[in-house]
Amino acid sequence: MAKGFVAITVERCKGCGFCVEFCPTHVLALSSAFNSKGYHAPHVVAGEKCSGCDLCGMYCPDFAIFGARYAR
Amino acid sequence: MNQVTLEIPYEIPVDAHNPVEPFLRMDRMPHIWCPGCGIGTTVNCFTRALLDSKANLDKVAVVSGIGCTGRVAGYANLDSFHTTHGRALPFATGLKLANPELQVVVYSGDGDLFAIGGNHFIHAARRNMDLKVICVNNLTYAMTGGQTAPTTPDHVISATSPYGVFEPSFNLVALAEAAGASYVARWTTYHVKQLSRSMEEVLSKKGFCFIEVLSPCPTLYQRRNKMGDGLDAMKFYKQVSKIRHGAPTSECALTKSGEIVVGKFVDRDRPDYLELLRGQMTESLGDRYAEPEVSCSC
Ligand SMILES: Cc1ncc(C[n+]2csc(CCOP(=O)(O)OP(=O)(O)O)c2C)c(N)n1
Ligand code: SF4
Ligand code: SF4
Ligand code: SF4
Ligand SMILES: [Mg+2]
């Protein structure tokens, strides 16, 4: 099971790709779907690899994504 | 708008929230910054620094001037002041002197702090005013259309330099050190961990502290120079940055496409303005000197 999770607020995303590029374990990819503003938000392609490190959250200039570890 | 979209192959705890949100005025989201602009990334780092430093948020104030970066004051869910262009530092100086217990953070752009506000910068540093200055340097006056700023490197095309900049630019870290800053560091928005650690460090350091953050402006800086989008700038920072703590700031000038030296360059202790003031007054007036009681009850 994944150590962490990532949550995406699709409607706030502007599709910059920072989170996709800098996720150390390549959990994310930009989706081909559009949000209502016409941006391609990220979606999870390898959720089991998420460590919950929140680097995606640190990078996201639009506060649209964050990661966290599961409480154990 | 704020709800989290669950298209994820696992459960998200119901109480999970983005750690940046309590520090933002969420009713003002989405913000005005362009796709791929780096200012929001610096705000993430700042909020992580506030969290990690366990600062008393009732005693933290953010002061900005005008510009895209100046909007930070409007989005920060703290006591924050969006002042006039170039005057963030004098405003912050007054705030600090009247409320010495406040931690005053000045968050502003390169144009605001070093063009119209340049004189204030050198004097606040000279006096070692106890202010923490975060300068988002996108190498241009972004908000007004991408004009040449005192930071714009040689050969860059800007709205006011269609044939390329030819005037020498400021090296902000060297300027800050020469003027007397107690702490001087430079990072880019690629260096999120190091940047938040630096921000945390200055929150517990006395005196005039300066952090320069290079940040992408895809819309008004990069577009004219065919430098791609925000992500291209981030990859460029990753590729050309060299961490050199303690490097002589005179060797850290920026160029259009050359190496970016990052790190902590200066960390020294000198008495700050209030200490000097109290020392001088006590020496001259002895018991007749009383601290003015000007603390506000907010
Ligand atoms: C007294 C005054 N002069 C000029 C302006 C126009 N003005 C607004 S923002 C700005 C430059 C902002 O550049 P910078 O501080 O680098 O912020 P950025 O937008 O790049 O983040 C200027 C010249 C103004 N608002 N007030
Ligand atoms: S929390 Fe870390 S591992 Fe998970 S998606 Fe974000 S960056 Fe990747
Ligand atoms: S970093 Fe944020 S704005 Fe950029 S693509 Fe990822 S979620 Fe969207
Ligand atoms: S103009 Fe440049 S600095 Fe201003 S919000 Fe857009 S990308 Fe950011
Ligand atoms: Mg600027």
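The values are calculated or read from the model by the stated rules, or taken from the named source; none is laboratory data. Worth saying up front: this structure is predicted, and the values here are computed from it rather than measured. All Cβ positions, even for glycine, are placed from backbone atoms using ideal geometry, and neighbour counts span all protein chains on display. Heavy atoms of the whole protein, side chains included, go into the accessibility calculation; ligands, DNA and RNA do not. Shrake-Rupley method; radii C 1.70, N 1.55, O 1.52, S 1.80 Å.
Quick notes on this one:
- The set of residues in the stretch B:269-298 that are outside any helix (DSSP H, G or I), surrounded by 12 or more Cβ atoms within 10 Å (Cβ to Cβ) and touching a residue at least 40 places away in the same chain (Cβ under 8 Å) comprises B:R270, B:P271, B:D272, B:S295.
- Residue check, B:F23 in contact with a helix residue (DSSP H, G or I) (Cβ under 6 Å, 6 or more places away or on another chain), aromatic (F, W, Y), closer than 18 Å to B:L131 by Cα and within 12 Å of chain A (Cβ to nearest Cβ): no
- Residue match in the stretch B:206-222 (condition: away from chain A (no Cβ under 14 Å), buried (at least 16 other Cβ atoms within 10 Å of the Cβ), in a helix (DSSP H, G or I) and more than 16 Å from ligand 3 (Cβ to nearest atom)): yes
- Hits in the stretch A:45-63 (condition: part of a loop (DSSP other than H, G, I, E, B) and within 16 Å of ligand 4 (Cβ to nearest atom)): A:C60, A:P61, A:D62, A:F63
- Scanning the stretch B:129-146 for residues that are within 7 Å of ligand 1 (Cβ to nearest atom) and open to solvent by 20 Å² or more (accessible area, probe 1.4 Å) yields B:Y141, B:M143, B:T144.
- The stretch A:51-72 residues that are more than 7 Å from chain B (Cβ to nearest Cβ), paired with ones that are of a type in the set (D, E) and part of a loop (DSSP other than H, G, I, E, B) (beta carbon under 9 Å, 6 or more apart): A:G67/A:D54; A:R69/A:D54; A:Y70/B:E11
- Single condition B:T188 does not satisfy, out of (1) touching a Ser or Thr at 6+ places or on another chain (Cβ under 8 Å); (2) surrounded by fewer than 21 Cβ atoms within 10 Å (Cβ to Cβ): (2)
- Any hit, the stretch B:69-76, residues being away from ligand 2 (no atom under 16 Å from the Cβ), open to solvent by 50 Å² or more (accessible area, probe 1.4 Å) and modelled with pLDDT of 95 or more: yes
- Lone qualifier among A:E48, A:E21, A:E11 - being away from ligand 1 (no atom under 16 Å from the Cβ), over 14 Å from B:P30 (Cα atoms), among the acidic types (D, E) and at the interface with chain B (Cβ under 7 Å from one of its Cβ atoms): A:E21
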